Each structure stands twice: as C-alpha cells, then as structure tokens.
1. May I ask you to sort Val75, Val9, Val25 by Cβ crowding, counting other Cβ atoms within 10 Å and putting the fewest first?
2. Going by how many other Cβ atoms sit within 10 Å of their own, how do Trp19, Trp48 line up, fewest first?
3. Can you give the angle from 0 to 90° between the axis of helix 63-86 and the longest principal axis of the chain, with both taken from C-alpha atoms, to the nearest 10?
4. Where in region 1-27 does the amide nitrogen come within less than 18 Å of the point 7 Å from the Cα of Ile63, taken along Cα to Cβ?
5. Which angle from 0 to 90°, rounded to the nearest 10, does the C-alpha axis of helix 4-24 make with the longest principal axis of the chain?
6. Sorted by average packing, counted as other Cβ atoms within 10 angstrom per residue and highest first, what order do 11-17, 32-38 take?
7. Can you show me the helix-derived [θ] at 222 nm for the chain, built from DSSP H runs with n ≥ 4 at -39,500 (n - 2.57) apiece and divided by the number of residues, rounded to the nearest 500.
8. Computed from these coordinates, which is percent of Cα pairs over 19 Å apart: (i) 32; (ii) 35; (iii) 56?
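Every number here is computed from the coordinates shown, using simple stated rules; none is lab data. Computed from a predicted structure; not experimentally measured. So basically every Cβ, Gly included, is an ideal-geometry build from the backbone, and we count neighbours across all protein chains shown.
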Amino acid sequence: MITAQGLLVALIIGAIAGWLAGEIVKGHGQGLVMNIIIGIIGALIAGWLLPAVGLTIGGAGSILGAIIYSTIGAVILLLLLRLINRA
C-alpha cells in the first residue's frame, strides 16, 4: 500500500527526473505534469532495462540513486519519442 509520503516522494522524483531529461534532450520541455509522468515512466523503464543489461548504480535505494535511475529512463523515453515523431 502506498502512503501519502511515498506518493509525494515519487511525484517529486518524477518531476526532477523529467525536468533533467528535458534539459538533456533539448526540445522536449513538457511542463510540470508531463515531466512527472515522463520521470515516473522513466523510473519504470530504468528499473527494468538497466539491471537487464547489467548496469547498477551504487546507492540505488537512495533518493539520489532514484533520481539518477529515473533520469536515465526518462532520457531513453524521450529519445524513443523523438524517433517515433520523426517517422
């Protein structure tokens, strides 16, 4: 069961990761709500993809580790969206 505090932390991490990914992948400023969604989806992508290819980040259980993981996943998501939009 998700607590209010856990949900708030997930939203904050998602917003930070989405914003960072938007800064890394220029031209994809999406606004706060989309940044949160992209960051949270990015966390799911990174949580599945990175361990599958053997990449782990030390301290992945920390807030900073979660932001890094989520940002990597969000960048991957934005790059995929960019490829899809070009097609």
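1. Ascending number of Cβ neighbours within 10 Å: Val9, Val25, Val75.
2. With the sparsest Cβ surroundings first, the list reads Trp48, Trp19.
3. Tilt relative to the chain: about 20 degrees.
4. Residues passing the 18 Å test: 3-20.
5. Its long axis makes an angle of about 30 degrees.
6. Per-residue Cβ counts within 10 Å, averaged per peptide and sorted highest first, yield 11-17, 32-38.
7. -26500 deg cm²/dmol
8. Label (ii) holds the value from this structure.
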